[in-house]
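A short worksheet on the structure shown next.
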Amino acid sequence: MSLLLAFLPFIVFAVADGFVGPTVALFLAALVSFVLLLRDWFILGKVPKILDIGTTILFGGLSLYVLFGGATGSIFAVRLAVDAGLLAIVLISIAIRRPFTLQYAREQVSREFWDHPVFIRTNYIITSVWALAFTMMAAADALLLYAPDVPAQVGIVATIAALVASIRFTGWYPKRARQRAAEQAAE
């Protein structure tokens, strides 16, 4: 549940954009990101997560850019910036050898499994699937931005398909990895 809550700023951005436009949506998403980061850090006493920090920096930075005179451009340009920023956060988490899903997964399993190779590999795989989803979303945004004749529904379908597939994979794959590890241990 905490991983899904981490995506709340992106949901707020997507919903608010339809009602108040991309500029206000960026500020609302930045506010939600910041509140979630503070909630986890100071109220729940948790170590800030890579995704939460990155999301706060992403939406805060985009909001400051717009506030100080940067043009927001079309909604597709803003969505491309958001989705590319999210992809960058995920890729950076892999590059620094701390896949972003690892922090959420550790909240779900006993400490004794945290350093187990199957657990670590599972999180790299899940994080990579999320990176693929965000790549697909950014590509759809770029297509809509640079090929204005393409119907906006293409971006909506691509985004929904990418997110649903990632969410389902995130729920399914750890069970499969545990089952496979148990089968190998029994051999």
| query | Restricting attention to the range 119-142, and to residues there that are more than 15 Å from Ala88 (Cα to Cα) and small (Gly, Ala, Ser), which single residue is surrounded by the most Cβ atoms within 10 Å (Cβ to Cβ)? | reply | Ala140
| query | Within the range 34-62, can you find the residues that are surrounded by fewer than 19 Cβ atoms within 10 Å (Cβ to Cβ) and in contact (Cβ under 8 Å) with a residue 40 or more places away in the chain? | reply | Val47
| query | So which of Phe19, Phe27 ends up being in contact with a Ser or Thr (Cβ under 7 Å, 6 or more places away or on another chain) and farther than 29 Å from Ile125 by Cα? | reply | Phe27
| task | Go through the residues of the range 34-54 one by one and say whether even a single one is outside any helix (DSSP H, G or I), basic (Lys, Arg) and more than 13 Å from the chain's Cα centre (by Cα). | result | yes
| task | Could you please find all residues in the range 93-125 being part of a helix (DSSP H, G or I), within 12 Å of the chain's Cα centre (by Cα) and either modelled with pLDDT under 95 or not small (Gly, Ala, Ser) (or both)? | result | Phe100, Thr101
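Residue by residue, here is whether (1) within 16 Å of Trp130 (Cα to Cα); (2) free of Cβ contacts under 8 Å to residues at least 12 places away in the same chain; (3) surrounded by 19 or more Cβ atoms within 10 Å (Cβ to Cβ) holds:
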{"position": "Leu64", "(1), (2), (3)": "no, yes, no"}
{"position": "Gly70", "(1), (2), (3)": "no, yes, no"}
{"position": "Ile75", "(1), (2), (3)": "no, no, no"}
{"position": "Arg79", "(1), (2), (3)": "no, no, yes"}
{"position": "Val82", "(1), (2), (3)": "yes, no, yes"}
{"position": "Val90", "(1), (2), (3)": "yes, no, yes"}
{"position": "Glu107", "(1), (2), (3)": "no, no, no"}
{"position": "Arg111", "(1), (2), (3)": "no, yes, no"}
| Out of all the residues in the range 163-179, is one or more in a helix (DSSP H, G or I) and farther than 28 Å from Ser110 by Cα? | no
| field | Single residue of Ala25, Ala71 found to be over 18 Å from the mean Cα position of the chain (by Cα), among the aliphatic types (A, V, I, L, M) and farther than 24 Å from Phe119 by Cβ | value | Ala71
| Among the candidates Val164, Val154, residue that is touching a helix residue (DSSP H, G or I) at 6+ places or on another chain (Cβ under 7 Å) and either at negative phi or free of Cβ contacts under 8 Å to residues at least 24 places away in the same chain (or both) | Val154
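The values are calculated or read from the model by the stated rules, or taken from the named source; none is laboratory data. Small disclaimer: the values here were computed from a predicted structure and weren't measured. Ideal geometry is used to build each Cβ from the backbone, glycine not excepted, and the neighbour counts take in all protein chains shown.
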